[in-house]
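Here the structure is laid out as structure tokens; the discussion comes afterwards.
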Amino acid sequence: MTAGLRIHAVKITPVAFRDPALLNAVGVHEPYALRAIVEVDTGEGLGGLGETYADEGHLRRLRAAADARTGMDVYALGAMHRRVAEVLSSDNGVGGTGLTGMITTSSAVDRVFSPFEVACLDLQGKAAGRPVSDLLGGAVRESVPFSAYLFYKWAAHPGQEPDDWGAALDPEAIVAQAHRMLSEYGFTAIKLKGGVRPPAEEVEAVLALREAFPDVPLRLDPNAAWSVGTSVEVARRLEGVLEYLEDPTPELDGMAQVARQTPIPLATNMCVVAFDHLAPAVEQGSVQVVLSDHHYWGGLHRSKLLSNAVSAVVTRDIIPAVVRRAKELPPATGLLVARVCTVVFITVSMLVAIEADHFGGVLGIIVGLVAAVMGPISVPMLLGLLPIFRKCGPRAALSSWALGLLGYVLVKFVLESTDQTVIIVTPLVTSLVVYVVVGLLSPEPDATADAIVAAVSPVPDGDSEPAAAAVPQAAVSGASD
């Protein structure tokens, strides 16, 4: 049955269901929420289901894509994506479409393709007798934790009867809403939709939640309703309280300004919603958590691709994610942890490399090669953490890398040494000497580096102000909310 399984027909069914009077940064939810169910039928007794949103513009695009898919192989997902792109080539889809009702710039092609891809994966799994997770590489966990989603809300839409949740317009009502959600549904985290009440009042609501739920991760999402200045002020009041702050201010540049002034990780599902947003987001340091919605990103395969890409650039958050108290460490302690981790990592790498011959074969060659280049790379990384070397700039680092690697090539391939210790130690020592000599004889002072070192240094006796005040602050917007 799996051979030649083709799309016989596609049915798109809009669905409307009641939505409470939930408040967000752009107003109040409509009395009904809209979704669309996509059914893909093979004509051979197998059908697959997908789901998406259902405003008029999106429905029009879905129907155009459905007509273009008839007769295609359900396994030809790449060809289907191209077909959707052809059909929508004159329609960029930018507008109010989206699960949140917020304007996004994610690709119309990806948003339209997503429910069809999910439906085809559903079909593939049924044909093979396997869950869809197996088609994506296998499940990585048996259960997935869910977060409670708290909203400020009216008791009812105008002219309608109050719902059984009642109104929630102050911190006390928000805490009561959280108690009910966690007790009835077993949520293990809490997110509050902000951007509704004055920022100071929403801060008080989060602090009330922390008092009521001391061990539950908390998140706040004002849907980019605040200026940079307000975002920074809120973040400073909630340091050590929030797990992450989601989309406090618009655009990558604004998020980057906030990120430079708070240790709280910033999350988004508004300013990074397509693959071409990733590079500028990483370059500017705008976000630390990408909230990937497969409806935006083009389906489950592309969401998996996104997770692989993001995992390569979020290593700086590993320790805080594993050890929650790490987020609350003072700067000096954090610097000490960085130094210790770096020393341990490099030391272990060197020791393993010296014993690389015991691994044998290809593995021994790989271990020796990696560790040989690790020495030159590690010297600027390690010494750069020490105050005495803070004036060693790019010139010293690049010189030490280049000459250290040259030392490895000389010993390994010119002198043809077989002594693993010599092969590993020579580039390390060369890099060390070059870095120290070039860095100290030709310093490259940097005001930011000096300020950071001052910020994490102990305050001398008698000083009334902490050294952290020396860290230059990024310019903030004076716009009001």
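At-a-glance table
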{"item": "Single unsatisfied condition, Arg61 versus (1) closer than 15 Å to Tyr296 by Cα; (2) outside any helix (DSSP H, G or I); (3) open to solvent by 20 Å² or more (accessible area, probe 1.4 Å); (4) not hydroxyl-bearing (Ser, Thr, Tyr)", "result": "(2)"}
{"item": "Criterion violated by Pro162 - all others in (1) part of a helix (DSSP H, G or I); (2) at pLDDT 90 or above satisfied", "result": "(1)"}
{"item": "Flag for Asp253 being touching a Cys at 6+ places or on another chain (Cβ under 9 Å), free of Cβ contacts under 8 Å to residues at least 40 places away in the same chain and under 22 Å from Ser107 (Cα atoms)", "result": "no"}
{"item": "Check on Pro331, modelled with pLDDT of 85 or more and open to solvent by 40 Å² or more (accessible area, probe 1.4 Å)", "result": "no"}
{"item": "Qualifying helices (runs of 4 or more DSSP H) (wholly inside the stretch 369-481; at least 3 residues being over 30 Å from Ser286 (Cα atoms) and modelled with pLDDT of 80 or more)", "result": "394-409, 420-441"}
{"item": "Filter result (farther than 29 Å from Lys126 by Cα and loosely packed, with under 14 Cβ neighbours inside 10 Å) within the stretch 1-20", "result": "Arg18"}
{"item": "Single residue of Gly93, Gly98 found to be modelled with pLDDT under 95, outside any strand (DSSP E or B), touching a strand residue (DSSP E or B) at 6+ places or on another chain (Cβ under 6 Å) and open to solvent by less than 40 Å² (accessible area, probe 1.4 Å)", "result": "Gly98"}
{"item": "Among residues of the stretch 49-74, those that are within 30 Å of the chain's Cα centre (by Cα) and either under 14 Å from Ser114 (Cβ atoms) or in contact (Cβ under 8 Å) with a residue 60 or more places away in the chain (or both), counted", "result": "9"}
{"item": "Selection from the stretch 117-139 of residues that are touching a residue at least 40 places away in the same chain (Cβ under 8 Å), more than 27 Å from the chain's Cα centre (by Cα) and assigned to a loop (DSSP other than H, G, I, E, B)", "result": "none"}
{"item": "Residue that is most open to solvent (accessible area, probe 1.4 Å), among those in the stretch 140-157 that are modelled with pLDDT of 95 or more and part of a loop (DSSP other than H, G, I, E, B)", "result": "Trp154"}
{"item": "Scan of the stretch 173-186 for residues that are surrounded by 11 or more Cβ atoms within 10 Å (Cβ to Cβ) and either not hydrophobic (A, V, I, L, M, F, W, C) or not in a helix (DSSP H, G or I) (or both), ordered by number", "result": "Gln177, His179, Arg180"}
{"item": "Options Gly137, Gly166, Gly194; residue that is surrounded by fewer than 18 Cβ atoms within 10 Å (Cβ to Cβ) and within 30 Å of Arg302 (Cα to Cα)", "result": "Gly137"}
{"item": "Counted residues, the stretch 277-304 - those being in contact with a Pro (Cβ under 9 Å, 6 or more places away or on another chain) and touching a residue at least 40 places away in the same chain (Cβ under 8 Å)", "result": "4"}
{"item": "Count - residues of the stretch 299-312 that are part of a loop (DSSP other than H, G, I, E, B) and at pLDDT 90 or above", "result": "1"}
{"item": "Boolean, Leu291 is crowded, with 23+ Cβ neighbours inside 10 Å, in contact with an Asp or Glu (Cβ under 8 Å, 6 or more places away or on another chain) and of a type outside the set (Asp, Glu)", "result": "no"}
{"item": "Of all residues making up the stretch 35-55, the number that are of a type in the set (A, V, I, L, M, F, W, C), at pLDDT 95 or above and surrounded by fewer than 19 Cβ atoms within 10 Å (Cβ to Cβ)", "result": "2"}
{"item": "Residue in the stretch 231-243 that is at positive phi, open to solvent by 30 Å² or more (accessible area, probe 1.4 Å) and either assigned to a loop (DSSP other than H, G, I, E, B) or modelled with pLDDT of 95 or more (or both) present", "result": "yes"}
{"item": "Leu23 vs. criteria surrounded by 15 or more Cβ atoms within 10 Å (Cβ to Cβ), without any contact (Cβ under 8 Å) to a residue 40 or more places away in the chain and not in a loop (DSSP other than H, G, I, E, B)", "result": "no"}
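The values are calculated or read from the model by the stated rules, or taken from the named source; none is laboratory data. Computed from a predicted structure; not experimentally measured. Please note: Cβ atoms are built from the backbone with ideal geometry, for glycine as well, and neighbour counts cover all protein chains shown. Keep in mind that these areas ignore ligands, DNA and RNA; they rest on the heavy atoms of the full protein, side chains included. Shrake-Rupley method; radii C 1.70, N 1.55, O 1.52, S 1.80 Å.
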